[in-house]
Every structure is written in C-alpha cells, then in structure tokens.
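Inspection log for the structure reproduced underneath, given as structure tokens.
The values are calculated or read from the model by the stated rules, or taken from the named source; none is laboratory data. These numbers were taken from a predicted model, which means no experiment stands behind them. When we count neighbours, we look across all protein chains shown, and the Cβ atoms used for this are built from the backbone with ideal geometry, even at glycine.
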Amino acid sequence: MSKQNSTRFVRTPLAIGVVIGALLGSVGGVVASTNLNSIAVCANKTSGVMRYLAKGKCTGKEEKISWSQTGATGPAGPAGPAGPAGATGAKGDKGNTGVPGEAGATGATGATGATFQNATVVALTDAAATLTSSQIISSRLFTITNTAARTLTTATAAEILTTMTGESVGSTFEFIIINAAASTNAVTLAAGTSVTLSGSATVSAGTSATFMGRVDSTTAITIYRTN
C-alpha cells in the first residue's frame, strides 16, 4: 500500500510572512508595472495556502488578504544645517527717473527790508548855517571843513513837514553831518522851531554823526542822535 503525503500550510504569522515574501518576489514586476497601491492574495480557509490575486475575486473557500505597498508617513526629520550664502548677484540696471514731485506751497512773505535813499553831498561853507528842509529830506549828507566851532540849525518842523511826502505820525527821515576839521573845532546841531533834539548834538572834529528825525504830530518833530 502506498502512503500519500500531503503538505498543509499552517495559517501562522511566520507562514504568512514566508508566503508574502515569495509573492512579493515573484509579482514585484507585475505590481510595479501596474502601479498598484496594495497587494492582494487569496488565503485558503482550511490549509492557509495563499495565492496572488492578480484580478478577479477569491473563491468561497478562500479569504482575501491585502497589504498596502506604501507604509505610513514617518515623522519629519530634523532640519538640516543652513547652506552657505550664495554669491552676490550682478548689479542691476539703473531704474527709470521718477516722476517730478508736486510744487510746494508758496512760503509766507518775508518782512520788508530797510529802505535806503540816495544822498547828495551838501558842502557847507566855513560858517554858521541853517539846514533847509529840502537839504535835510532830500540831500541828507552834510560836510563842513570848519576853522572854528560852528553851529548848524535845522529848518523848522513846519518846513520839514511841508517838504516830506505822505508823512504821518511815526514817519522818519535820516541825515548825516561830517565834520572834516583837522583841529579840535566842533560842529553843533541846533533845533529849529518846534523841533526837539535828543542825544548829543555835538560833532567832534574828524568825525561824523547820524541823526534820525521822527514826526511826533502835525506840528512837531524830534531829531535823535543815533551813533
């Protein structure tokens, strides 16, 4: 009598692993070429024998088992070290000229500067004299080379006010007296009617003096020594 040997695969994790390895080795090319995401086999419910399921379904005596080809996503690895700085790039082209900005607002008007009048030299004789209103307002510059002390008297306030143009209270005028004497002979300024002098009225030899007149009212003027 002959004895028939039969081999039965035990359905254990070890047996399943061996079979899976064999299946993967034999069907790897098929799996790669078909680009499957999982591998399926049919396991005999009695013997545990498995066969690769390329297509179709398992029989009623088999159980379908599948494995994913792609494992779970692993944790992110640590950040790598920073790479070296890249080389400096080439200098870019010059940009276009920008649009001109809007004109700024007009600044405030500045204060009115001092008004300077022309002067005409009046050469006085070596004697006492009266300075006319026209000479005081228009000529404004007197010189005298005196050999003795001399007195120069201003025109009256009424005469000066008549000669001034557009005068009002607070209006001013200015004139200069130059004493060109070589010795110690002084020149003294005296006030005409309704004119008041303020400050030193004596101009020493070899010096000059500047006087400023101010309209105090419609009938009176004060002349100040300003230097």
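Hey, any hits in region 74-87 for a residue that's at pLDDT below 95 and either touching a strand residue (DSSP E or B) at 6+ places or on another chain (Cβ under 6 Å) or of a type in the set (D, E, K, R) (or both)? Among the residues of region 74-87, not one is at pLDDT below 95 and either touching a strand residue (DSSP E or B) at 6+ places or on another chain (Cβ under 6 Å) or of a type in the set (D, E, K, R) (or both), which makes the answer no. Does Ala54 fit the bill of being touching a residue at least 24 places away in the same chain (Cβ under 8 Å), assigned to a loop (DSSP other than H, G, I, E, B) and either out of contact with any Phe, Trp or Tyr (no Cβ under 9 Å at 6 or more places or on another chain) or farther than 30 Å from Ser139 by Cβ (or both)? So Ala54 fits the description; yes. Of all residues in region 181-196, those that are over 15 Å from Ala209 (Cα atoms) and either of a type in the set (Phe, Trp, Tyr) or in contact with a Leu (Cβ under 7 Å, 6 or more places away or on another chain) (or both) total 1. I need the full set of residues from region 65-106 which are among the polar types (S, T, N, Q) and in a loop (DSSP other than H, G, I, E, B), in order please. Answer for region 65-106, where residues must be among the polar types (S, T, N, Q) and in a loop (DSSP other than H, G, I, E, B): Gln69, Thr70, Thr73, Thr88, Asn96, Thr97, Thr106. Here Gly48, Gly110, Gly83 are screened, and the one residue that is farther than 30 Å from Thr163 by Cβ and either surrounded by 10 or more Cβ atoms within 10 Å (Cβ to Cβ) or touching a helix residue (DSSP H, G or I) at 6+ places or on another chain (Cβ under 6 Å) (or both) is Gly48.
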